[in-house]
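So the structure is just underneath, and the comments pick up after that.
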Amino acid sequence: MERGNIKNRVTRKRVIGIGETVLDILFKNDQPQKAVPGGSTFNSIVSLGRAGVPCAMGTDVGDDHVGDLICNYLLENGVSSEYVCRHENVKSHITLAFLDENNDAQYVFYKDHASVQLDGKLPQIDKDDVVLFGSFFAINPAIRPVVGQLLRAAREAGAWLYYDVNFRKNHIVDLPDVMSNIEENMSLADVVRGSMEDFDYMLGLNEGDAIYERVSRHCRTLILSDGPRSIRVYTPDGCNTYPVQAIETVSTVGAGDNFNAGYIYAMMQGMDDQTSRVEMAQRWSQDVCRQIGNNISDELVAAIKTTHSR
C-alpha cells in the first residue's frame with residue numbers, strides 16, 4: 001500500500017499509544033476543579049478505549065499512588081496497562097493547567113524529562129496496528145534509542161503511524177538535540193498533525209504552504225490546526241480546509257488530543273475520505289471542550305455504542 005493514499009482501505013485492529021503520562025490538576029479562577037490522569041497521547045488512547053477500540057498505552061510512571069491512579073484509570077476505560085513501566089523511587093509527573101477567561105490552559109509542569117525510562121515490556125507491533133505518538137516523549141534523547149527502534153519496527157511491520165508533534169515553547173532550547181528525531185518521526189508517519197503554534201516554535205514558520213513544504217519532505221499528509229480558524233489538510237493532491245464551529249467551551253484541555261482520537265476512530269471504522277475523518281475528529285474535540293476533563297463524555301460514548309449496535 002502506498003503511504004499517504006487515503007483511498008486504500010486497510011483494516012486495523014488495535015491502537016498503541018506511545019507517550020508521556022501525568023496527573024493533570026485543572027484550575028479555574030485559581031481554584032482546583034478536577035484531577036485526572038492525562039498526557040497528550042494518553043488522552044487520545046483513553047477516549048478511544050472508552051469508545052470500544054482495543055488499545056494499549058506504552059508509557060512510564062512512578063511506583064507511587066499517582067501511578068496507581070493512572071494504571072487503574074487505563075483499565076477502567078478499557079485500555080491495557082501491560083506496557084506501562086513502573087519505576088521504584090520515582091515520582092509520577094504532575095501538571096497544573098490554569099484555565100483563562102477563554103478556557104484555554106496555561107501549564108505548569110512538575111516533571112523531570114531526564115528521569116523518563118522505557119525499560120519494561122514493549123509492544124510487538126504488527127501490520128494491523130495503529131501507532132499514535134508525539135510530544136517531547138517521542139523525541140526525548142534520554143529514551144530515543146528505545147522509542148526510535150519501536151517506531152522503525154512499526155513502520156517495517158506495515159503499521160499505520162500518526163504523529164502529533166505537540167511541540168511546546170519551553171523545548172525550543174532543546175531543538176539542536178532533537179530536530180533529527182522530529183524529522184525521523186515525520187518520515188515514519190502516515191499522518192503528521194500539528195498546530196500553527198507548534199510549527200512556529202519548531203521551524204520558525206507560520207504560513208501553511210511553507211509548513212507543508214517542509215513537512216512534505218518527510219510525510220505526504222499534514223493536518224494543520226490554527227486555534228479557532230479553519231483546519232487545513234495538505235496532501236500531494238492539494239489543500240482542503242474545514243471550518244471550526246464556534247462553541248461555548250468549558251475547557252480546551254484535551255481538544256487536540258481528542259481530535260486525534262476521533263480521526264483515528266473514523267479511519268478504523270472504514271471512513272476513507274478526509275472530510276468524514278475530520279468531521280468525526282471535530283465532533284470528539286468539541287465534545288471534550290464542553291466539560292472539565294480530558295476525554296470524551298459518557299453521552300458521546302453512549303451515542304457511539306448506539307450507532308454501532310444498529
Some residue of the stretch 138-159 being modelled with pLDDT of 95 or more, within 20 Å of Ile70 (Cα to Cα), open to solvent by less than 10 Å² (accessible area, probe 1.4 Å) and within 19 Å of the chain's Cα centre (by Cα): yes
Selected residue [free of Cβ contacts under 8 Å to residues at least 40 places away in the same chain, under 21 Å from His171 (Cβ atoms) and of a type in the set (A, V, I, L, M, F, W, C)] from Val116, Val108: Val108
Count of residues meeting criterion [within 18 Å of the chain's Cα centre (by Cα) and closer than 22 Å to Asp63 by Cα] in the stretch 95-108: 1
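Would you check if there is a residue in the stretch 272-286 being in a loop (DSSP other than H, G, I, E, B), touching a residue at least 24 places away in the same chain (Cβ under 8 Å), in contact with a helix residue (DSSP H, G or I) (Cβ under 6 Å, 6 or more places away or on another chain) and surrounded by fewer than 15 Cβ atoms within 10 Å (Cβ to Cβ)?
No - not one qualifying residue is present in the stretch 272-286.
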Failed item, numbered, when Asp298 is tested on (1) touching a residue at least 40 places away in the same chain (Cβ under 8 Å); (2) open to solvent by 60 Å² or more (accessible area, probe 1.4 Å); (3) in contact with a Lys or Arg (Cβ under 9 Å, 6 or more places away or on another chain): (1)
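Considering the stretch 63-79 alone, what residues qualify as being among the polar types (S, T, N, Q) and open to solvent by 40 Å² or more (accessible area, probe 1.4 Å)?
Applying the first criterion (among the polar types (S, T, N, Q)) to the stretch 63-79 yields 72, 77.
Residue satisfying the conditions is Asn72 alone.
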Only one of Glu213, Glu183, Glu156 that is closer than 30 Å to Arg12 by Cα and touching a His at 6+ places or on another chain (Cβ under 8 Å): Glu183
Yes/no for Tyr107 being open to solvent by 10 Å² or more (accessible area, probe 1.4 Å), among the hydroxyl-bearing types (Ser, Thr, Tyr) and outside any loop (DSSP other than H, G, I, E, B): yes
Qualifying residue in the stretch 80-90 (condition: crowded, with 23+ Cβ neighbours inside 10 Å and in contact (Cβ under 8 Å) with a residue 12 or more places away in the chain): no
Residue that is farthest from the chain's Cα centre (by Cα) [pool: residues in the stretch 214-225 that are surrounded by 15 or more Cβ atoms within 10 Å (Cβ to Cβ) and of a type outside the set (S, T, N, Q)]: Arg214
Residues of the stretch 267-297 satisfying the condition of being β-branched (Val, Ile, Thr) and farther than 17 Å from Leu132 by Cα: Thr275, Val288, Ile292, Ile296
Scan of the stretch 110-121 for residues that are open to solvent by less than 70 Å² (accessible area, probe 1.4 Å) and in a loop (DSSP other than H, G, I, E, B), ordered by number: Lys111, Val116, Leu118, Gly120
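Out of Arg217, Arg193, I need the residue that is of a type in the set (D, E, K, R), farther than 24 Å from Glu20 by Cα and at pLDDT 95 or above. Which one?
The conditions single out Arg217.
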Selection from the stretch 168-183 of residues that are within 14 Å of Ser135 (Cα to Cα) and open to solvent by 10 Å² or more (accessible area, probe 1.4 Å): Arg168, Lys169, Asn170, His171, Ile172, Asp174, Leu175, Met179, Asn181, Glu183
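Name the strands (runs of 3 or more DSSP E) wholly inside the stretch 185-250 in which the number of residues that are touching a Pro at 6+ places or on another chain (Cβ under 9 Å) and not aliphatic (A, V, I, L, M) is 3 or more. Break it down stepwise before answering.
Numbers: elements: 191-195, 222-226, 229-235, 238-242.
Per the criteria, no element qualifies.
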First in the stretch 200-211 and closer than 14 Å to Met179 by Cα, second anywhere and part of a loop (DSSP other than H, G, I, E, B) and open to solvent by less than 40 Å² (accessible area, probe 1.4 Å), Cβ under 8 Å, 6 or more apart: Tyr201/Phe167; Met202/Val165; Met202/Phe167
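The values are calculated or read from the model by the stated rules, or taken from the named source; none is laboratory data. Fair warning: this is a prediction, and the values are worked out from it, not measured in the lab. Please note: Cβ atoms are built from the backbone with ideal geometry, for glycine as well, and neighbour counts cover all protein chains shown. For accessibility, only protein heavy atoms count, side chains too; no ligands or nucleic acids. Shrake-Rupley method; radii C 1.70, N 1.55, O 1.52, S 1.80 Å.
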